[in-house]
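So the structure is just underneath, and the comments pick up after that.
No lab work stands behind these numbers, since they all come straight from the coordinates. Nothing here was measured: the structure is a model prediction, and the numbers come from that model. Don't worry about glycine lacking a Cβ; one is built from the backbone with ideal geometry, like all the others, and counts go over all protein chains shown.
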Amino acid sequence: MVIRVRRSSQVPSSEITPESTYLDRRKFLGATAGIGAATFLGRGVAAEETPTHGDEEPNSWEEITTHNNFYEFGLGKEDPSRNAHTLVTEPWTVRVDGLCAKPGDYALEDFIRPSTLEDRVYRLRCVEGWSMVIPWRGFPLADVIRRAEVEPRARYVAFETLWDPDQMPERGWKPRIGWPYREGLRLDEALHPLSFLVVGLYGKTLPNQNGAPLRLVVPWKYGFKSIKSIVRMSFVRDQPRTTWSSDSPREYGFYSNVNPEVRHPRWSQATEKRIDGGRLFGYRRIDTQFLNGYADEVAHLYEGMDLRKHF
Amino acid sequence: MVLKGAIWAVGLAPVAYLIVGFVRGSLGLLPVDTIILVEGRWALVFLLATLAVTPIRRLTRWNRLARARRLLGLFAFFHASVHFLAYAGIDKLFGLVAILEDVRDRRYITAGMAALLLLVPLAGTSTRGWIRRLGKRWLKLHRLVYPAAALGVLHFYWKVRADTFWPLLAALTLAVLLAARSPAMAPRLRRGQRSPGGKAG
Ligand code: HEM
């Protein structure tokens, strides 16, 4: 399967030092049956070791936390790392609503506590043509969906990012995309074991610019599908409106699966710039893989679909 | 001339900034992208500055400004070339197929390429010798700067995804500069002007 638990030897000790971890701040790692603390210390936990990112090395903490797209905090790649400190992540409430038996407003701690946290290393491919390899910490999205007891009528999950102008001061002109940021998945995509809700990075608390305190990671889709700072999940019958596909339907489809075969009017998707600090210009150019290299796991979700039409 | 010295300083500063930034590693994780953005912006700034010379000169009667126009135009071409070379050389490694595909499939690249190609003959004929040799035709040829500027602005507008403030500001600036040359505006602006140096461009 897909889970890889990082060993402490792979991470510089500076990155393991728990300056401000959930362990201290929120205590829910401790409350998670057994695994939290053990994983945190980098000891092997019951998890298989077949990494789905191949033998690609994860990018550094520095790289992952200074090159972000989070337009609520500015349009430049470095803006979120400079500006997102104004985001208040405690307390945090996640609203679960729509077609399910257990809707409600959940304190983040209660939302996470029933799940077992895992460390997974995933590739992240941005639609703009760059990519990284990132060691996330989180739990399967399917956990939450099962707990909500979704009605059979529900076919999609819609997600919403926090929108609070006080915490997300718009700089300059109002961007023409509408807030709050919205994303969505088909229910079977959401239930797929690779779909992951993330609360940590490199075993530490997820930094604000990476979508704290709770974000989605869907590694076979372009990065913008992996919505950040989630405040709402709704189970719905019809395909939900999503931010980028409403803004430019010609450019961004609802599915937005990584696909080198589908031309994008803005960026070539045949290759990508894998961020690599060891290179002169900061990246290696590599071929982009169908479904970002996760085709064996997820291609069956799209059987019989014309992926050029449903891009 | 102080004015020309100032233009040289401003014209070369972005490149100095990018070189120092590249060496220090302060251009972000993808320095090529930063180089492309910075140089694209300066290309447009110099292009609009070139077009602003005549209206400003007429308004202020500061006629010596006309002498700066060629230098401004050449810096526009210089930054557009660095912009293009960063894209074509570093990002695409001069991969002709990939570049041509971009020009064909991506309208913002099509517009940018057209703008740059229009500037090539203008830069090439900017010397005194060519001005003399071409005579009246030189003025005609150099009117290509208008479509070049319009395509540059369009390129910018099409490239931007969310924040259209700067491309719209550039479009507004271009519109004002063009209006200032329209026959309706010209007499008013020309009032009080004595020297007949008002060439097009
Ligand atoms: C007179 C000619 C040109 C002007 C004035 C110009 C100007 C600009 C401007 C203002 C930007 C946007 C910067 C920003 O977003 O802040 C830009 C982006 C860009 N231009 Fe040009 N450009 C010109 C020619 C070209 C040519 C010939 C090409 C390639 C064939 C090109 C390729 C690009 C690319 C790839 C970007 C986007 C970079 C990115 O999104 O990271 N440009 N240009």
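Once the Cα-Cα distance is subtracted from the 0.36 nm per residue extended length, the B:Phe22 to B:Arg104 segment shows a gain of 26.4 nm.
Couplings for the stretch B:119-129, taken from phi via the Karplus curve 6.51 cos²θ - 1.76 cosθ + 1.60 with θ = phi - 60°, read 6, 4, x, 5, 5, x, 10, 8, 7, 3, x Hz in order; Gly and Pro are left as x. Exposure proxy shown here: for A:Thr86, B:Thr125, A:Thr205, A:Thr243, the number of other Cβ atoms within 10 Å sets the order, fewest to most, as A:Thr86, B:Thr125, A:Thr243, A:Thr205. Stretched out straight at 0.36 nm per residue, the stretch from B:Ala66 to B:Thr127 would grow longer than its current Cα-Cα span by 20.5 nm.
Checked against a 22 Å cut-off, the cross-linked pairs A:Lys273/A:Lys309; A:Lys225/A:Lys309; A:Lys204/A:Lys228 give Cα-Cα distances beyond that limit for A:Lys273/A:Lys309. Relative contact order of the stretch A:134-245, taken over Cα pairs closer than 8 Å and 6 or more residues apart, is 39 percent. Among the chymotrypsin sites (Phe, Trp or Tyr not before Pro) within the stretch B:37-119, those in coil by DSSP and having at most 14 neighbouring Cβ atoms inside 10 Å are B:Trp62, B:Phe94. For the stretch A:195-284, averaging the sequence separation of C-alpha pairs within contact (under 8 Å, six or more residues apart) and dividing by the residue count gives a relative contact order of 16 percent.
For the stretch B:2-188, the relative contact order works out to 20 percent when only alpha carbon pairs closer than 8 Å and six or more residues apart are counted.
Based on the Kirkwood radius over alpha-carbon pairs, what value in µm²/s does the Stokes-Einstein equation return for the translational diffusion coefficient of the stretch A:267-311 at 25 °C and 0.890 mPa s?
196 µm²/s
In loop segments of the stretch A:158-240 as defined by DSSP, the chymotrypsin sites (Phe, Trp or Tyr not before Pro) with at most 15 further C-beta atoms inside 10 Å of their C-beta are A:Trp163, A:Trp173.
Listing B:Arg106, A:Arg263 from fewest to most neighbouring C-beta atoms within 10 Å gives A:Arg263, B:Arg106.
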